[in-house]
Amino acid sequence: MGNGNRPTPEFRREAVRLALTSGRMRREIAEDLGIGLSTLTRWLRDERDASEPSEAPVDVHAELKRLRRENAVLKQERDILKKAAAFFAKEGSR
């Protein structure tokens, strides 16, 4: 790659894939591909940044209402399981 040509998008993707999956050191991969370590590191960072989903706007009040409902259901389920565990523990000791 050191001949002054710009790397193709396919080359960049393959370099990133190798760095993420090969288990080899980034320095080795960069040397084998004829690119600088800093270039490979930048491509990896760009790939990571591009793959992070952007935070979607959230209706805070609706989310809070949903979480409170879910919390209430979970508390009910927990209470039922506690009672069932106590019942079966008592039945088992007879």
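Computed over Cα pairs, the Kirkwood radius of the chain leads via Stokes-Einstein (1.002 mPa s, 20 °C) to a diffusion coefficient of 115 µm² per second.
Just round it to a whole percent: the fraction of Cα-Cα distances in region 9-51 exceeding 17 Å. Here the tail beyond 17 Å accounts for 16 percent of pairs.
In order along region 6-21, phi translates into HN-Hα couplings of 7, x, 6, x, 5, 4, 4, 4, 5, 5, 5, 4, 4, 5, 7, 10 Hz, rounded to whole numbers, per the Karplus curve 6.51 cos²θ - 1.76 cosθ + 1.60 with θ = phi - 60° and x for Gly and Pro.
FYI, it's all coordinate maths here, none of it is from the lab. Worth saying up front: this structure is predicted, and the values here are computed from it rather than measured.
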